[in-house]
Amino acid sequence: MNEQGYTEPTPIQAQAIPVVLAGRDVMGGAQTGTGKTAGFALPTLQRFAPMASTSTSPARHPVRALILAPTRELAVQVEESFREYGKYVPLRTAVIYGGVPIDPQIAQLRRGVEILVATPGRLLDHIQQRTLNLSQVEVFVLDEADRMLDMGFIPDVRRILTLLTSRKQSLLFSATFSDEIKKLADSFLRDPVLVQVARKNAAAELVSHRVHPVAREKKRDLLVHLIKSREMNQVLVFNSTRLGANRLAYQLNRAGVHAAAIHGDKTQGERTQALDEFKSGKVGVLVATDVAARGLDIEQLPYVVNFELPNSPEDYVHRIGRTGRAGATGQAISLVCAEETERLAEIERMIKVKMEREIVPNFEPAGRDAPGLMARPDRERRRGSDEPKLMHAKRSERGERGERVERERGERVERAAARPAAQKPQDPIFSKPYEPGTATSTPAESPKREPQRRDRQVAALLGGFIRKPG
């Protein structure tokens, strides 16, 4: 572990490792970047080290540990961690995921593997083709259970669980604990030990949060301005859609900012290349969707930018979990337009953090919604600020405007009442002034003759259609 730069365990490692070594089931709550992978990888390797064999026989290398991860990137990183931590132990590791040919994976599994990291879909593919035997699994790890739920993998997870022996040790790790996650945990964990090092839905403690209010159409220009003026490098930018991620990466490159996009429509090779170039610094900005960025492990990532706020506050927690990892500080920057103010308020309420607002010169939000972007969610005002005076002045202005409109309306009514009779509105039919309630001498308007006239008209009309009998 000294080779990996570890000098002392993180809180999740200090709590989880002894419990896992004792053979107990674990329900672990920790944000990404807290070292939870080592929290289950190290004790698993220590448990199987005495069984390690240098034999080339596949029978001597059955699958003893199965780790499920929601995304390809996270699966690759977990397998890399097992391989690095156990480099001096003759245990074979492998990772299987979709989006790549299955035949090389089949060949690797046939040679024998003790530690298997997989995504649910590809694992079920191997099970269906009978290229995988899980009857000897002793340790089962469900990593990022909350993201499994978000991505709709829980039915696949339940199906996989039916194929495992009941004698296994089970570990579940999740950044957040919803009722659905607790229900899932109750279905396969036996008397688990709860290990939680962060409060529910907590944001990373070492991350600073800042909001730049801006008009929607100026977001891209503001992002370019921030990256260039502040010399920001290694910036992970979140966009809500795959098409939006592609478009933003293209626009950034045209503006002189070297960027790449990563999302579900990219092939595994393209995603791996983009991530490697971003880690090496060849690409300064990585534009990602929530699903693609889940599980990305980038050492000391300094900046996370929310180009668009997520729809759920929980996704904000996952996004900023990419920075402020393992004791390092980070910055979470959100570009917020007027339409996103409600989402911003929900995020602030959940993480219990009042984000600092900063308007960048020449990128001020415009329109009637601009003041709402600067309003603090709890409506608190700083002492000595001119903001209460401004708000009072606006209320006074609205009051004066209302009084003026009401006064003008009253004056119009008074002028109409004082108008001479000759100037009053004329009836469109008669030339004499129209006086309400006054009977006219015209037969058509006589109240006595009107019913008789109407009866004659009806009779004449019906007479044209009804023939007399005979």
Here is a check on your reading of the model: is Val257 of a type in the set (A, V, I, L, M) and farther than 30 Å from Met350 by Cα?
yes
Does region 130-166 hold any residues that are of a type in the set (A, V, I, L, M, F, W, C) and either assigned to a loop (DSSP other than H, G, I, E, B) or under 16 Å from Pro62 (Cα atoms) (or both), and which are they?
Leu132, Leu134, Val137, Val139, Phe140, Met151, Phe153, Leu163, Leu164
Can you name the condition, by its number, that Asp191 falls short on among (1) buried (at least 19 other Cβ atoms within 10 Å of the Cβ); (2) of a type in the set (Asp, Glu); (3) in a loop (DSSP other than H, G, I, E, B)?
(1)
Any hit, region 167-187, residues being assigned by TED's automatic domain parsing to the domain that holds Thr37, within 21 Å of Val76 (Cβ to Cβ) and part of a helix (DSSP H, G or I):
no
I need the full set of residues from region 106-161 which are β-branched (Val, Ile, Thr) and either assigned by TED's automatic domain parsing to the domain that holds Thr289 or free of Cβ contacts under 8 Å to residues at least 40 places away in the same chain (or both), in order please.
Ile106, Ile127, Thr131, Ile154
Consider Gln46 against the criteria (1) over 24 Å from Thr289 (Cα atoms); (2) touching a residue at least 60 places away in the same chain (Cβ under 8 Å): it satisfies all of them except one. Which criterion is unmet?
(2)
Restricting region 219-247 to residues that are part of a helix (DSSP H, G or I) and surrounded by 22 or more Cβ atoms within 10 Å (Cβ to Cβ), which is modelled with the lowest pLDDT?
Ala245
Determine which single condition Gly23 fails, assuming it passes every other condition in (1) part of a loop (DSSP other than H, G, I, E, B); (2) at pLDDT below 90; (3) not basic (Lys, Arg).
(2)
Could you say whether any residue in region 94-110 is farther than 22 Å from Gly39 by Cβ, β-branched (Val, Ile, Thr) and surrounded by 20 or more Cβ atoms within 10 Å (Cβ to Cβ)?
yes
Could you check, for region 68-83, whether at least one of its residues is part of a helix (DSSP H, G or I), among the aromatic types (Phe, Trp, Tyr), surrounded by 19 or more Cβ atoms within 10 Å (Cβ to Cβ) and not assigned by TED's automatic domain parsing to the domain that holds Ile262?
yes
Does at least one position in region 242-253 carry a residue that is more than 22 Å from the chain's Cα centre (by Cα), touching a residue at least 40 places away in the same chain (Cβ under 8 Å), over 24 Å from Ile347 (Cβ atoms) and not assigned by TED's automatic domain parsing to the domain that holds Gly98?
no
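The values are calculated or read from the model by the stated rules, or taken from the named source; none is laboratory data. Fair warning: this is a prediction, and the values are worked out from it, not measured in the lab. Quick reminder, even Gly has a Cβ in these numbers, built from the backbone with ideal geometry, and neighbours come from all protein chains shown.
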